[in-house]
Amino acid sequence: MISSYIAEFSAVWKILFRMPLPSFLPDKGGSDFPEIDSHPALMRPLMPVEGALFGLMLAFPFWVLQLFPGGKLTASIVGAIAMPLFAELLTAWSGLNALAAFIDLRRSGHSQEEALTAIPDSIDEPRAGSSMLILMILYVLRMIFFAVIAMYAPFWFIVTMTCGWLLRAELTTLNRPGTPMEQPWIAVPRGKEKQHWYLAAYVLLPVAVFFPISTILAYIIAGCLVWLAKNLCLESISGINRQAFEVFGYAAELLLLFLGILIYAKP
């Protein structure tokens, strides 16, 4: 059974991220859970777990850097320059590109439905000046947020990414537009419908031991963002698609990073 969970973890990681896992981890073929609608059976529950691992990958170098003299300043510089690029490459720029395209379409007068159904151009494609400006502003904002969090509270990357991927996991409980509402985009085995919430709480527990109030607050705010995002999706596109999945997930990460700055950044 353990090997099945590891195989599911590996399969989900390959779908969500671009960095290869160690070769000793089994591929999805080693799982005893049959795929559901061509998705790994545990894709939804494992999203916040893999978000936590993503956050740990971001946080760990900053903890190490702060062991040395001048480490906070070095961590801030690395946080501004290297880590945002690493994070975007790991996710193939999908969230940044989707949110920039959404904002640009809304700014130019398109409806929310049009902004959430239009497929954004590839990050490599030439784009109009306003679209490029929005993308650059979002990226610089993320650089600033990363730099401040790296200096003052590296653990907050774990909280942010766990809650950001928890929101994405909950959005997949919605149906694809044009399909019955009782058919979720990503189905799970019976009895595991809410497991992503429990697993997110479990992986945040070590952080909550040291920072209980802020971690619980982030979890609650993530729940509020989930409610808002689901309602916006249902009102505008009557379900969930990949564009909305990326837009609201990436926006939630930015908001949670800003929350961490408000709580922990001190002059």
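None of the figures in this text is laboratory data; all of them are computed from the coordinates on show. Predicted, not measured: the structure shown is a model, and the values here were computed from it. Cβ: placed from backbone, ideal geometry, glycine included. Neighbour counts: every protein chain shown.
Residues I240, I6, I119, arranged from fewest to most other Cβ atoms within 10 angstrom of their Cβ, appear as I119, I6, I240.
Fully extending the segment from I36 to S130 would add 29.8 nm, taking 0.36 nm per residue of separation and subtracting the current Cα-Cα distance. With a Förster radius of 25 Å applied to the beta-carbon distance between L21 and I221, the computed FRET efficiency rounds to 0.25. Centroid-to-centroid, using Cα positions, region 171-249 and region 50-78 are 27 Å apart.
What net charge is computed for the residues neighbouring I81, neighbours being all others with C-beta under 14 Å from the C-beta of I81, Lys and Arg scored +1, Asp and Glu -1?
Working: positive: R142; negative: E88.
Result for the local shell: 0.
Gain on full extension, evaluated as 0.36 nm per residue between K194 and F86 minus their Cα-Cα distance, stands at 35.8 nm.
Shape class for the chain: oblate, because the ratio a/c of the largest to smallest gyration tensor axis (alpha-carbon atoms, square roots of eigenvalues) is 1.5 or more and b/c is at least a/b. Each residue, L262 and R242, gets one label point 7 Å from its Cα in the Cβ direction; the gap between the two is 3.4 nm.
Just add up the charged neighbours of R168: K/R +1, D/E -1, any other residue whose Cβ is under 13 Å from the Cβ of R168. Walk me through the numbers on the way to the answer.
Details: positive: R44, K230, R242; negative: E50, E170, E246, E253.
Neighbour charge sum, excluding R168 itself: -1.
Label sites at E113 and N231, each approximated as a point 7 angstrom past Cα along Cα to Cβ, lie 2.0 nm apart.
What pairs from K192/K230; K14/K192; K14/K72 go past 29 Å between their alpha carbons?
Numbers: K192/K230 19 Å; K14/K192 21 Å; K14/K72 33 Å.
Pairs exceeding the cut-off: K14/K72.
Listed by Cβ neighbour count within 10 Å, with the fewest neighbours leading, K266, K230 appear as K266, K230.
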